[in-house]
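The values are calculated or read from the model by the stated rules, or taken from the named source; none is laboratory data. Computed from a predicted model, the values in this text were never measured in an experiment. All Cβ positions, even for glycine, are placed from backbone atoms using ideal geometry, and neighbour counts span all protein chains on display.
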């Protein structure tokens with residue numbers, strides 16, 4: 001086998017190709033981080049990036065799972081995971097107490113006042129979507145003067161007692177059809 005002086009070793013080529021790919025990935029990551037850092041709505045930009053990255057053609061693969069298969073998986077995954085755990089004779093609370101670390105930093109929330117509540121309501125993004133009680137941000141903004149007092153009292157009681165009312169733990173989730181087969 002003859003080699004001329006211009007022929008390059010395969011190891012060097014592979015090493016340079018690998019370094020090049022790593023640098024491209026680092027640059028992409030830095031660019032995406034900068035996009036998020038400099039945006040006003042970081043969450044929206046982050047989800048946009050996720051959508052962009054996951055919908056690239058080279059990443060797309062057809063999904064062959066039926067809704068029944070997905071339901072079966074998610075309804076049994078916890079049971080299967082717990083079956084793999086080893087039994088212990090330790091009481092859970094005893095274990096937690098013995099492994100508890102004192103917090104390095106603690107938090108104390110000052111009671112709020114009507115002015116702060118009104119400012120928070122005023123700064124909410126206007127939206128016509130409604131919660132489970134048919135309340136929208138528009139209604140909140142229109143009634144801010146009237147509800148600021150009672151709302152302040154409720155919030156301060158929640159922080160004081162550490163108890164969040166069950167009725168406030170509910171929400172409305174409305175699926176939004178974005179495309180594809182609406183029957184899937």
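Couple of notes before you dig in:
- Test: residue in region 123-136 that is assigned to a loop (DSSP other than H, G, I, E, B), surrounded by 10 or more Cβ atoms within 10 Å (Cβ to Cβ), touching a helix residue (DSSP H, G or I) at 6+ places or on another chain (Cβ under 7 Å) and without any contact (Cβ under 8 Å) to a residue 60 or more places away in the chain: yes
- From the list 78, 87, the one residue that fits, being out of contact with any helix residue (DSSP H, G or I) (no Cβ under 9 Å at 6 or more places or on another chain) and either touching a residue at least 24 places away in the same chain (Cβ under 8 Å) or in a helix (DSSP H, G or I) (or both), is 78.
- The residues of region 46-68 that are surrounded by fewer than 10 Cβ atoms within 10 Å (Cβ to Cβ), modelled with pLDDT of 80 or more and over 24 Å from the mean Cα position of the chain (by Cα) amount to a single one, 68.
- Summed over region 25-52, the residues that are assigned to a loop (DSSP other than H, G, I, E, B) and over 17 Å from residue 125 (Cβ atoms) give a count of 1.
- Checking every residue in region 128-140 against the condition of being within 30 Å of residue 55 (Cα to Cα) and modelled with pLDDT of 85 or more gives at least one match.
- Residue within region 99-122 that is within 30 Å of residue 180 (Cα to Cα) and out of contact with any helix residue (DSSP H, G or I) (no Cβ under 8 Å at 6 or more places or on another chain) present: no
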